[in-house]
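> First the structure, which I've put down as structure tokens, then a few questions once you've had a look.
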Amino acid sequence: MRGKRQFKRFLLAVYRFFTVFLLVAFVTTCCMMLFVSTLSETLGITLTRENLNAAAKLTFWNVVLISLLLGLLYELRRRLTVERPVRRILEASQKIMKGDFSVRIPQPRLGSDESFGEIIGCFNRMAQELSGVETLRADFVSSVSHEMKTPLAVMQNYGTLLQAPDLPEERRMEYAKAVTESCRRLSDMISNILRLNRLENQQIYPKAEAYELGEQLCECLLQFEQVWEERGIALETDIADGVTVCADAELLSLVWNNLFSNAFKFTGVGGTVSVSLSADDRFAVVRVKDTGCGMSPEVGAHIFEKFYQGDPSHASQGNGLGLALVKRVVDIMQGEIDVESAPGTGTAFTVRIRRFPDEHPEKNR
Ligand code: ADP
């Protein structure tokens, strides 16, 4: 099949050569004859028919030979510097189409058009990005399946135990609570996955409305009142008055709820959680600090990844999606989030958000 195609291309090249170069040879010979006859008339030289015939043949075949040589050289150069990289790009694209993202194209050797180098560079970067996305997708699917299995297994086990006919009332309550708790975990995880998915696919467009950030922080904090009272955690607040922001309140409440929930979750009995809000003309800065278990730099490097849980002792109280959501929301709002932490001393998250939507986002990048 390929040989047939190549033969066809060869025939086409020969046809092109004959139509173009023979015509050029013919026209050049005619011009040459005209020139020779004008020259001989001007100089008063008489040329015989044989002289003219010989000159015409010489010119014609010379042009044919030289153009043939040049044509061959051109064809050779085209094959090496144009056809070869194009063929490699085509073959690699076909592999990508079949789902093989490991393919990379070697950079063309010297002599090729520079644009091929650029196209191949872009292609390799695209293949690298795609293989990264594919790995993430595969990791995501396996993490979701793994995370779902645990609560499902708990529900199945306790559901089976609940079927025992002579189960004491106390046990029945205990098992029913375990089933309800697993349902809650599963439902939390699914809502977080859906939110994250919608945020990543940009199906959520922030709705900017002006409101007081301090009030929102207090409302979110109050939801944890029972937790801090039960565990004897001291709450310190330093919330500046009248800090208005123009942002999506619902999205931002996700950030505060997750940060507060982590601060209370990782702080032991008798610890302290501090929340502060300060602002300048353009930015509002919220700092959530705790005196909890803290984390090592190795854990800190991964906390914004989906399903990452650095502290296994609290794993059942979360699903490793909270901070991934927080980061996504902060990014969407063109804000910044930083974490300072050390094992045993506690953790502080600092979130910086724009108070008003940016009219010229490019300027501030
Ligand atoms: P989870 O809901 O499982 O806590 P997150 O995404 O909220 O998941 O947090 C990821 C990991 O970051 C946690 O498992 C924990 O190791 C670490 N982490 C987050 N906040 C804190 C904190 N305030 N103190 C100590 N470790 C924290």
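The values are calculated or read from the model by the stated rules, or taken from the named source; none is laboratory data. Owing to the predicted nature of the structure, the values given are computational and were not obtained by experimental measurement. Heads up, the Cβs are rebuilt from the backbone with ideal geometry, glycines too, and the neighbour counts pull from every protein chain shown.
> Could you say whether any residue in the stretch 244-255 is aliphatic (A, V, I, L, M), farther than 29 Å from F356 by Cβ, within 14 Å of the ligand (Cβ to nearest atom) and surrounded by 19 or more Cβ atoms within 10 Å (Cβ to Cβ)?
Checking the stretch 244-255: not a single residue is aliphatic (A, V, I, L, M), farther than 29 Å from F356 by Cβ, within 14 Å of the ligand (Cβ to nearest atom) and surrounded by 19 or more Cβ atoms within 10 Å (Cβ to Cβ).
> Kindly indicate which of Q94, Q107 is within 30 Å of A13 (Cβ to Cβ) and in a helix (DSSP H, G or I).
None of the other options fit; the residue is Q94.
> Right, another one. Could you check, for the stretch 265-279, whether at least one of its residues is under 17 Å from T345 (Cβ atoms), near the ligand (Cβ under 10 Å from one of its atoms) and aromatic (F, W, Y)?
Yes, that holds for at least one residue.
> Of (1) buried (at least 17 other Cβ atoms within 10 Å of the Cβ); (2) closer than 21 Å to V339 by Cα; (3) in contact (Cβ under 8 Å) with a residue 40 or more places away in the chain, S274 satisfies all except one. Which?
For S274, the failing item is (3).
> If we scan the stretch 302-321, do we find a residue that is without any contact (Cβ under 8 Å) to a residue 60 or more places away in the chain, surrounded by fewer than 18 Cβ atoms within 10 Å (Cβ to Cβ) and away from the ligand (no atom under 11 Å from the Cβ)?
no
> Given the conditions (1) within 15 Å of the ligand (Cβ to nearest atom); (2) under 29 Å from T135 (Cα atoms), which single one is not true for T350?
Answer for T350: the failing condition is (2).
> Residues that are closer than 19 Å to Q317 by Cβ, in a loop (DSSP other than H, G, I, E, B), charged (D, E, K, R) and at pLDDT 90 or above: does the stretch 216-231 have at least one?
Checking the stretch 216-231: at least one residue is closer than 19 Å to Q317 by Cβ, in a loop (DSSP other than H, G, I, E, B), charged (D, E, K, R) and at pLDDT 90 or above.
> Going through the stretch 280-301 one residue at a time, which ones are more than 8 Å from the ligand (Cβ to nearest atom), assigned to a loop (DSSP other than H, G, I, E, B) and farther than 16 Å from I337 by Cβ?
Correct list: D280, D281, R282, T291, S296.
> Is it fair to say F101 is within 30 Å of I190 (Cβ to Cβ), of a type outside the set (S, T, Y) and not in a helix (DSSP H, G or I)? Before you say what the answer is, go through the steps one by one.
On the way: within 30 Å of I190 (Cβ to Cβ): yes; of a type outside the set (S, T, Y): yes; not in a helix (DSSP H, G or I): yes.
Yes; evaluated as a whole, the condition is true for this residue.
> Among the numbered criteria (1) surrounded by fewer than 18 Cβ atoms within 10 Å (Cβ to Cβ); (2) part of a helix (DSSP H, G or I); (3) away from the ligand (no atom under 11 Å from the Cβ), which single criterion is violated by V329?
For V329, the failing item is (1).
> When only residues in the stretch 220-240 that are in contact (Cβ under 8 Å) with a residue 24 or more places away in the chain and closer than 25 Å to K207 by Cβ count, which is farthest from the ligand (Cβ to nearest atom)? Spell out how you get there, then give the answer.
As a first pass, look at the stretch 220-240 and keep what is in contact (Cβ under 8 Å) with a residue 24 or more places away in the chain: 220-221, 223-224, 227-228, 231-240.
This time we only want the ones that are closer than 25 Å to K207 by Cβ, so: 220-221, 223, 239-240.
Working: C220: 15, L221: 15, Q223: 16, I239: 19, A240: 23 Å.
Here the answer is A240.
> When you check S143 against the structure, is it closer than 30 Å to Y308 by Cα and not in a helix (DSSP H, G or I), yes or no?
So S143 fails the test.
> Let me ask something else about it. With the condition kept exactly as written, say whether any residue in the stretch 279-300 is of a type in the set (S, T, Y), at pLDDT 95 or above and under 27 Å from A208 (Cβ atoms).
Looking for residues that are of a type in the set (S, T, Y), at pLDDT 95 or above and under 27 Å from A208 (Cβ atoms), one finds none in the stretch 279-300, hence no.
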